[in-house]
Amino acid sequence: VIKDADPHLHFVLLTGVSKFSKVSLFSGLNNLRDITLSPDYATLCGYTDDDIDTVFAPELPSLDRDEIRQWYNGYRWGGREVTSVYNPFDVLLLFQEQEFGPYWFESATPTFLVDILKQRGVFTPSLDHWETEYELLSQFDIDQISTEGLLFQTGYLTIQQVEEPLLGYRQYTLGFPNREVETSLNHALLPSLGVENAPRERRTLFRHLSQHDLGGLETHLKALYAGLPHDWYRNNPIARYEGHYASVFYSHFAALGLDVTVEDASHHGKVDMSVDFGGQLYLFEFKVVEQLPEGKALAQIKHKGYADKHRASGKSIHLIGVEFSSIQRQIVAFEVETLA
């Protein structure tokens with residue numbers, strides 16, 4: 001139909017799965033331009049900050065502008081120099097309902113995606129800094145789809161950084177676009193990681209953090225791991241990966257909607273995870289005791305000076321070494337040191 005219209009056709013936009021439909025070598029559609037990552041079209045499918053501040057200015061007075069940005073902005077089809085955009089579906093419902101919620105995520109349950117991540121034993125903390133190449137982003141062979149291609153094309157990850165270490169060769173770093181997606185996807189992933197009654201567990205986590213009860217936090221986390229069913233270890237491929245201990249830990253915090261940073265970088269290296277909540281800053285380092293002697297996690301945080309960059313924040317800083325035993329399937333050390 002399109003070929004027959006050639007004399008009258010100047011522009012056609014193919015989106016979604018149709019973009020990946022294979023065409024014949026002689027089809028006449030084999031010279032399409034893929035504008036997905038073109039800076040000229042980076043804002044085509046979303047609202048910019050300027051759109052929010054001008055077009056939607058009457059809707060803003062009763063809402064926290066920074067929270068709108070953290071919750072719904074962040075989709076980027078290029079590096080950090082490319083303008084990021086907001087999900088229009090979320091923004092319009094936010095202004096209509098006048099309260100924050102995971103509107104886009106709730107529009108469809110990503111069962112297929114969760115099953116794929118579960119089958120492939122994906123290390124969930126890596127979702128916020130996934131390194132890949134363009135070919136894997138554009139791949140959409142439904143029989144051999146790459147994990148990053150699936151996450152990128154379905155909107156759960158977006159481009160955070162683009163590097164060109166060699167002319168014509170680009171490396172892409174993917175990450176969650178915003179708080180809504182990070183919170184909601186980890187919320188959906190927790191049952192696949194073996195966490196039962198996740199809402200109750202989140203309430204308990206929130207209570208201990210709100211009260212800054214580190215002893216209670218340790219007890220809660222040990223109970224969380226003790227509650228992972230034995231059948232889950234036997235029937236789930238991800239249980240074979242030692243990284244699943246850190247996956248449960250990270251996804252539990254991220255699903256609560258906390259300000260979580262994975263591999264929080266400093267001039268000496270990267271601490272495994274930091275959490276900024278209620279005027280307190282928690283720096284977590286994870287170790288498996290079958291690989292290293294006990295006591296190494298907290299020692300590494302101190303030796304590497306991971307807290308140095310945060311000292312001027314005015315927040316209380318807590319260094320926490322968390323050590324797991326893959327034999328006991330449990331946290332066997334939870335060492336805490338608070339900086340004055």
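The values are calculated or read from the model by the stated rules, or taken from the named source; none is laboratory data. Computed from a prediction, not measured in an experiment: that's the story for all the values here. Ligands, DNA and RNA are stripped out before the accessible areas are found, and what is left, the full protein with its side chains, is counted by its heavy atoms. Shrake-Rupley method; radii C 1.70, N 1.55, O 1.52, S 1.80 Å.
Quick notes
- Ranking 99, 323 from most to least accessible surface, computed with a 1.4 Å probe over the protein chains only, gives 99, 323.
- Accessible surface of the stretch 294-335, 1.4 Å probe, proportion on carbon and sulfur as whole %: 43
- Per residue, in Å², the accessible surface of the stretch 110-221 once ligands and nucleic acids are set aside, probe 1.4 Å: 45
- Taking θ as phi - 60° and the Karplus parameters 6.51, -1.76 and 1.60, the scalar couplings of the stretch 166-176 work out to 9, 3, x, 10, 10, 10, 10, 10, 9, x, 5 Hz in sequence order, x denoting glycine and proline.
- Most to least accessible of 138, 251 (protein chains only, probe 1.4 Å): 138, 251
- Carbon and sulfur %, accessible surface of the stretch 72-207 computed with the full protein complex present, 1.4 Å: 50
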